[in-house]
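The values are calculated or read from the model by the stated rules, or taken from the named source; none is laboratory data. For clarity, every value in this text was computed on a predicted model and none was experimentally measured. Cβ sites come from the backbone with ideal geometry, for glycine too, and all protein chains shown count toward neighbours. Only protein heavy atoms, including side chains, enter the accessible area calculation; ligands, DNA and RNA are left aside. Shrake-Rupley method; radii C 1.70, N 1.55, O 1.52, S 1.80 Å.
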Amino acid sequence: MVEAEHQGSNTVSPDLAAIANQEVAGKLLIDGLERRIAGQLSVIIPVGVIGWIASQTDNRALWIFLGLQILTQLLITVTSQWLRRAIEAGKRTTIRKNLWMMAEASSGIIWAAMMLDVGTLIGGSDAVLTTWVTILVTMVVSVLLAAPIAGIAFPLLGGFSAAGAAGILLFDKDFSSFAQLALIFMSVALFIVAKAVNFQAHKSCRDGIEAERLGHRLAEELRRTSWLSRHDGLTGLLNRSALQESIAELGDMPTALILLDIDHFKQINDSYGHGQGDEVIAAVSTCISNTLDAATPDALAARWGGEEFIIALPDGLADAADIAEKLRSMVAGVTRKDWPARLRVTGSLGVAHGPASAFSTIFKSADRAMYDAKEQGRNRVVCAQDDGGKALRVPRAA
């Protein structure tokens, strides 16, 4: 229990870390890969439509392009999954990402090749026009869905536009004026739209990351504030009010109290400064935590005030004196390399017991026993009788 109390003393950085563009791009990429894998189903419809049209027109080239497109879509699915797993596993992704982008670009090239193949036949039949419009709509939908993630939209659109331009300019494809204008207008418009959507997606993603971080920070600050309301900031032990609340919950359970007061603490402050005094208090609190962790996990330890500590041992009457003696011995052995050579730390301890509901009475008995320990020479343990009289055990000193 005591060790868990110390863990709450970690502080929170006052400033949120800057959000890097790489972090935003990475999050968008993960989201895009998830949508891309799920979005592969949307390609089935246009491929099916074009396949039906190809069967009606007996266009072998269109069949070949359809077969290549299906293989490319399978490749996109595989590389998307491969890249996503690599990102989640924290592996290097350069090669996998390049292969995935090449698959996206290949898909755009094949869509453009289909358009080039049927574009010269526009006006010849309704099937040709339907094929051409289907490809246009497919590209528009695909790019708009992928626009938030540059890694998807721009390779796909780039491959489509490059292949279309090459087919018209280099291979002397006899497109109608309508087809050429539609292709140019669509490519330019999609680039602009994709860039705008991508910019907005980055901004929204950045805002989302910032809001998430702020939420985590507020939750941590709330946890820290709650912890500080019940604990002493220097030692990490319970404060007085928190200890009293915990003891009140014990009801009439038999409870032993150990009071520890650091000997000659005022002299330590006067001789070596208050900073050294704080180090001594912290060192003694560590002794308390280590002793109780080894002896009894149910103990309650608190800094009662100044150089005074209190330990409550629910149902630990038989072991209270032994635990107090172990603690006295450990405190007497405290030293640090950077401490003054003449600095010696000891503690006087008083032990008393009774029902937890009679805390004030037990505390007075333990307090008297502690002062008896000081009067008898300090650095010793004194156990009070039930009536607060003489010690029940012979005091031991170092």
Check on PHE191, part of a loop (DSSP other than H, G, I, E, B) and either at pLDDT 75 or above or open to solvent by less than 30 Å² (accessible area, probe 1.4 Å) (or both): no
Residue selected from segment 46-80 under the condition at pLDDT below 70 and β-branched (Val, Ile, Thr), by the criterion surrounded by the most Cβ atoms within 10 Å (Cβ to Cβ): ILE53
Within segment 338-390, considering residues that are open to solvent by less than 40 Å² (accessible area, probe 1.4 Å) and on the phi > 0 side of the Ramachandran plot, the one modelled with the highest pLDDT: ASN379
Close pairs from segment 207-223: first in contact (Cβ under 8 Å) with a residue 12 or more places away in the chain, partner assigned to a helix (DSSP H, G or I), Cβ under 7 Å, at least 6 apart: ILE209/GLU23; ILE209/VAL24; ILE209/LYS27
Condition broken by GLY275, with the remaining ones in (1) open to solvent by 10 Å² or more (accessible area, probe 1.4 Å); (2) small (Gly, Ala, Ser); (3) closer than 18 Å to SER365 by Cα satisfied: (3)
Check on GLY164, at negative phi, buried (at least 18 other Cβ atoms within 10 Å of the Cβ), of a type outside the set (Ser, Thr, Tyr) and modelled with pLDDT of 70 or more: yes
Test: SER285 is in contact with a Lys or Arg (Cβ under 8 Å, 6 or more places away or on another chain), surrounded by 16 or more Cβ atoms within 10 Å (Cβ to Cβ), closer than 21 Å to THR346 by Cα and not charged (D, E, K, R): yes
Some residue of segment 261-268 being buried (at least 17 other Cβ atoms within 10 Å of the Cβ) and in a strand (DSSP E or B): yes
